[in-house]
Every structure is written in structure tokens, then in C-alpha cells.
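Report on one structure; see the data block that follows.
The values are calculated or read from the model by the stated rules, or taken from the named source; none is laboratory data. The model shown is predicted, which means the values in this text are computed figures rather than measured ones. No Cβ is skipped: glycine too gets one built from the backbone with ideal geometry, and neighbour counts run over all protein chains shown. Heavy atoms of the whole protein, side chains included, go into the accessibility calculation; ligands, DNA and RNA do not. Shrake-Rupley method; radii C 1.70, N 1.55, O 1.52, S 1.80 Å.
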Amino acid sequence: MATLRQRETLAAYGFLAPAYLIYLLFLAIPMVASLLLSVLEVDRLTLATQFVGWANFDWVLTDPRFWKTFGNTFYFIALAVVGNVGLGLGLAVLLDRNIPGPLLYLFRLAYFLPVLVSLAFVSFIWRFMFSFDLGAINYYIRMLGLPPVGWLTDKNVAMFSIVIIDVWKNVGFFVIILLAALQGVPRNLMEAARIDGASPFTALRRIKLPYIAPVILFCVTYATIGGLQVFDSIKIITDGGPGDSTRSVVMYMFSEAFSAGELGTGAASALTLLVVIAIVTAIQLTLGRRFAGR
Amino acid sequence: MATLALRDIRKSFGKHEVIHGVSLDVKDGEFVVFVGPSGCGKSTMLRMIAGLETITEGQLLIDGAVMNEETPTRRGIAMVFQSYALYPNMTVYQNMAFGLEQARLPKAEIRELVLEAAETLKIEPLLQRRPGQLSGGQSQRVAIGRSIVRNPRIFLFDEPLSNLDAELRVHMRVEIANLHKRMGRTTIYVTHDQVEAMTLADTIVVFNEGRIEQLGTPLDLYNKPANRFVAGFLGSPRMNFLQGRVAEAASGPCVEVPGGVLPLPQPARQGEAIEIGIRPEHLEVVAPEGAAARARVQFTEQLGGETFLYCDVGEAAEPARIVIKRQGQQRFGDNEVIGLAIGASDVYCFDSKTGAALAA
Ligand SMILES: Nc1ncnc2c1ncn2[C@@H]1O[C@H](COP(=O)(O)OP(=O)(O)OP(=O)(O)O)[C@@H](O)[C@H]1O
Ligand SMILES: [Mg+2]
């Protein structure tokens, strides 16, 4: 007869099993598979495999196109982080005041709604909005008597268009998080600042923002990781164009693995991206700990 | 120099009025303590004086000038919060310098003032630390330091010591008293602690439900409470209250209460129902035989230096509970019957309907 403890342990594993199974099926197995694939060459017709060592990585890391998409991705991240966190913080500060309950609820809902809509759907809509000849945006620009903008066709503008969509879709998420952080600043702290004679702006800059610095940093990290994986919107709106000006690392990976059928190099680029994400996260967490270590 | 005057001040949150007309004059250098039950409006009153809360009605005057609409800095007040409210991202030095920076004082002068205040409060070794690295007592010292550097006209304290342990509280209480003696600033201090109120105050103001019940020197309030509420609020353990009926004995006026008869300090209308109050320390324990009043000991609390006796008086079916405080270590058996005696001048009489003290 098993002891109570043993039976409880068994039951616990039983409860955990479904979650583990899903994890294995959709995360662990693909991860191990891509690890394996990255050192193999797979014949796309016969599926015969051959061990090639570092060759796939060599190929990816010396491919100028990989580095081009890498650069694009970081360009996107820089703009998207500033846009999402910057605008999100600005809006959160505007909302962080005595707004009547129902109105505040409405604002939060309005900002958060786009977060809930599917990105593919949003991207299709924006593709029409950005269209050169028939797009709504250029329609209004023309009405103002200004020359229309090649939102998706000008290679200097296209990435901005992608960022605009990204910010439109995601800023609400950051507004909600940053607003919650701002409202979590102890009331007495702001009152002490008032008694010390600080203007609302000084109190915000010297006390509120430093107080929520860890949350801001979390938002930056979160936006960065999201940006490293940018794919759907670009795929739908510009498909990497014009030229390669908006092609991201994930798109490169996708086209290697599934368009070119080179599963090995696709996996190698995915692992490279993983390493980069790990490094970026580690840097930001270290910075964060230094902030929080006060 | 700073006098403070409140003229019929009212405060409403929405439709709900919480302060119902408070008037008060505070002299220059006076130490005023606000006491009262939780939710009676002490903090709200203090925050209105500070300028953190708008004044719905009435006037606030500092040195004779109306200050209702002025900012806290223009009022010249400093406030110390129960939660310390130190800026967590700044060092102790920066915390203390912040207010002076806002006043655009030169750096050298700020430095001098901060160091001087730090010396007064003996927090120089802490100046480069952040609030997260301070103990509760140190934090409260820094919070007080932050308030004195700006040399305010009026100090406001909202339960500044209630987050500290008992020993530290005594220590800080003495320091606050010394600080007040040295600086001589007008001070308003909110507390729940009887000892703080009795020892620190020049004047105690007893609040109840948004009104002042009574104000006066600590001993005046203790000895001559204006009503049952104040009598019950000051003193620990609190005053015993018993329902009584005025009677007449050979020895003078007296009152029949559950458990016996007690002397009255003044004559009253025969047969009238009154409420009497007796402080626990005024009751003498005597032999039960021949005593005018008797009680049954229910249990005792030994505090070492003193003993609290919890007794029942009156009908065994529905007894009234009283507390007796005796010096030293006194032993009584449970259910032991004891006799009670009290001097006539130590019996307080209250109107049984309004609770007002009956004039002696
Ligand atoms: N911002 C507010 N909005 C609405 N009601 C409030 C607000 N602040 C205080 N009140 C109400 O005003 C009354 C007085 O509150 P206050 O904080 O002044 O009490 P207090 O005497 O300081 O109590 P305590 O001893 O518990 O600190 C309470 O009934 C409280 O609910
Ligand atoms: Mg309070």
C-alpha cells in the first residue's frame, strides 16, 4: 500500500501531465528538432539527412541578406520601442488623474481594443489605409493639398508605416501596464512632494517616473523581444519590400526554411535569433537590477 | 511667529459632510494634539491645514492671513506622515534637500541646512543611504529631518510614531518633545496614543464625528471632562460607567448603582436617573463586610507594577463589568467578593440622556 505522500505525489504528476504534454508537443520537440536541424542538411525531395556541423551557421552568418534583415529588425525595434513605450507612457500620464470612473474605463477599453484584434486582420485594414492611390491616408493628405506619400512603396517610409501599425496595435497594452504602475505610486509620496513645493511636472520627473522605472524597463524589454520576432504585419503589408527594406530576421528565417526549403539554414538562423534575444534580455535585466537595487 | 486659526471649517467629500464646523485658535509655539476615534476626521482636518485637501467652507488663517487657497509652501507648513513618505529613489541627503531645491536656494546653502538638520537628528551617517536601507526609526528621523530643513512656520504630524515598536516610540516621543522645546514652532500632532497625547500636548483637542468635543490642557480634560465621551476617551483603562439613581443617606447625597451605593460630590434631585463615571484607579478595595458597594472579581491581569481587576457588579443575571486598577501585585481569587470604596469627589456624574457632565 502506497503511503499518503506517495499517492499525493502521483496525483500531482497526474495533474501536471496534460500541461507537460502540450509543452512537449508544441515547445520542447520543435526546439530539439530545430537544434538538430541546424547541424543537418535535409534534401527537400528525399528528406535524406546529412550531418554538416557548423556549415549552416557559416552560411547564415556570412549571408549579407541575413545581416540586412538583422539591421532592419533592430531599426524596427528602435522605432517600435520608442513609439510603444514613449507614447504609452505619455498617454498613461495623461490618463493618470481624477477621471470619472466610467470615462476612464472607456478610455482604457478604447486603447486596449486593438490589442485584442488579430494582427493579420489589422494588417489588411492598414494595407488599404496606406495604399498610394486609394488609401484613406493619402486621400486626406491630398485634400490638404500636399503630395501623397508612398507609405508602402517608398523604401525610406515603409518601415515607419510598419511601426505605425505596430504602435497602433500594441500601445494600449503599454498604456494599461504603465497606467497601473503610475496609479500604484503611493499617494503620500506625491503629497510629500507637494508639501516640498514641487510642481506637478517636477514631481512626475523626479519622483513618479523613477518610482516606476522598473516597469518602464520591463516594457522596453517586452517591446524589444516582441520586435525581434516581428513577422505577420510585414509579411502581409509589404512582404519585406520595397526591395528588402522591411524584411525582418524572422522573415528571412521563414523564407530560408519554407520558401527556399533549406530547413537547416532556417533552423540555424532561428537559433542565432534565439541567442540574440537571450543576450538582449540579459543586458536589460542586468540594467533593471541595477535600477531596482536602490 | 505663527498663529493658526480655524473658523467654522467644514469639509464634504461629495455630498457626505465629514467635518461639521470646527473652530480653533492655536497660539504661537503651542503644541496641539488631535485625538479621537478612528474616522472622526483628524487626518482630514490636518490635511486641510496642510493644503492637501480643499476646505469646503470656513476660513483657515495663519498669522491672521486667510490661507484657504494657498499652496502648502506658501502656508509655510511641513508635514510628517505615518508612512514616512520618503522618496525611494533619492538618498537621505537628496530627500532632505528636495524641498530646498524647489525653493531654488543656492547649493551651498542647501548643503549647510541639510547638514545642520542631520546633526540635530543625529542622522549624519545615513546621508548617503537610500530609504530602503533604513530602519523604521531611522526613516521617521529622516522624515522629520526633511520637514525641519525648510524651517516651516507650522509642523504637522499625522500619527508619526504609530509604525514604530514600543521602545522606539518612547524614544522618539522624547525627541519630538525636545525638538519642539528647542525650535518652539507651532505644532499640530495627530495620535491614537494616550501617553503621547498627555505628555506632548499643551492643548488636547478631542474630536468625535467631525466635531470638537472638548479642548483644554491634558490634565483639565482628564480631571474635568465636559461629557461622557471625553471622559471615556482619555484614560487607560477607560473610565467605568454605571447607571444610577440619586438617593439620600445620612452621610450626604449618594447614588444607588448596581452592587451598592456610592457617594455623590454634589446634591441632586432625589430619584433622578444619572450615569456615573469612575476611573479605575480611584476605586479602593476594602473588606466586603459592611462595605457600601460590592463586586465579584472575574479575573485579574498582573502587569507587574500594577494589577487590573475585572469585576462584575449588580445582579448575577445581568451584571455590569467594571475595571479596578491597583498599584503593585494584588492577588484575588476568581469569584472572590470584594468591597468597594471611593471618595465623593472622584465620582463623575453625567446626564443619562445627553451625556453632558453635571456641574459640580
Ligand atoms: N478622500 C476621501 N473621500 C471620501 N471620504 C473620505 C476621504 N478621506 C476621508 N474620508 C472620510 O472622512 C472621514 C474622516 O476620515 P479621516 O481619515 O480624517 O479620519 P481619522 O480621524 O484620521 O481616522 P484614523 O484615526 O483612522 O486615521 C471618514 O469617514 C472617512 O471615510
Ligand atoms: Mg488618520
* **Search result, residues across segment B:212-238 that are open to solvent by 20 Å² or more (accessible area, probe 1.4 Å) and either in contact with a Lys or Arg (Cβ under 8 Å, 6 or more places away or on another chain) or closer than 22 Å to B:Lys27 by Cα (or both)** => B:Ile212, B:Glu213, B:Gln214, B:Leu215, B:Thr217, B:Leu219, B:Asp220, B:Tyr222, B:Pro237
* To do: Could you tell me whether segment A:249-256 includes any residue that is more than 17 Å from A:Phe70 (Cβ to Cβ) and open to solvent by less than 20 Å² (accessible area, probe 1.4 Å)?
  => no
* To do: Tell me which residues, restricted to segment B:43-67, are within 11 Å of ligand 1 (Cβ to nearest atom) and either farther than 16 Å from B:Ile77 by Cβ or hydrophobic (A, V, I, L, M, F, W, C) (or both).
  => B:Met45, B:Leu46, B:Met48, B:Leu52
* Asked: Do we find a residue being within 14 Å of chain B (Cβ to nearest Cβ), among the hydrophobic types (A, V, I, L, M, F, W, C) and in contact (Cβ under 8 Å) with a residue 12 or more places away in the chain anywhere in segment A:244-256?
  -> no
* Residue in segment B:120-140 that is in contact (Cβ under 8 Å) with a residue 12 or more places away in the chain, in a helix (DSSP H, G or I) and among the acidic types (Asp, Glu) present -> no
* Asked: Checking B:His20 against (1) away from ligand 1 (no atom under 15 Å from the Cβ); (2) farther than 30 Å from B:Leu127 by Cα, which test does it fail?
  -> (1)
* **Matching option when the condition is surrounded by fewer than 22 Cβ atoms within 10 Å (Cβ to Cβ), over 20 Å from B:Met96 (Cβ atoms) and within 16 Å of ligand 1 (Cβ to nearest atom), among B:Glu209, B:Glu196, B:Glu167** => B:Glu209
* Asked: How about segment A:186-201: which of its residues are more than 7 Å from every other protein chain (Cβ to nearest Cβ) and under 17 Å from B:Met96 (Cβ atoms)?
  -> A:Ala193
* To do: Would you mention how many residues in segment A:246-261 are at pLDDT 85 or above and part of a loop (DSSP other than H, G, I, E, B)?
  => 3
* Asked: Does segment B:28-36 contain at least one residue that is more than 16 Å from ligand 2 (Cβ to nearest atom) and free of Cβ contacts under 8 Å to residues at least 12 places away in the same chain?
  -> no
* To do: Those residues that are open to solvent by 30 Å² or more (accessible area, probe 1.4 Å) and within 16 Å of B:Glu275 (Cα to Cα), I need them from segment B:245-258; list them, please.
  => B:Arg245, B:Pro253, B:Glu256, B:Pro258
* Sort out for me the helices (runs of 4 or more DSSP H) sitting completely within segment A:41-123 that have 1 or more residues that are farther than 28 Å from A:Val185 by Cα. => A:55-61, A:64-81
* strands (runs of 3 or more DSSP E) lying entirely in segment B:255-360 (those with 2 or more residues that are outside the structural domain of B:Tyr222 (by TED's automatic domain parsing) and aliphatic (A, V, I, L, M)) -> B:260-263, B:273-278, B:284-286, B:293-302, B:306-313, B:320-327, B:337-341
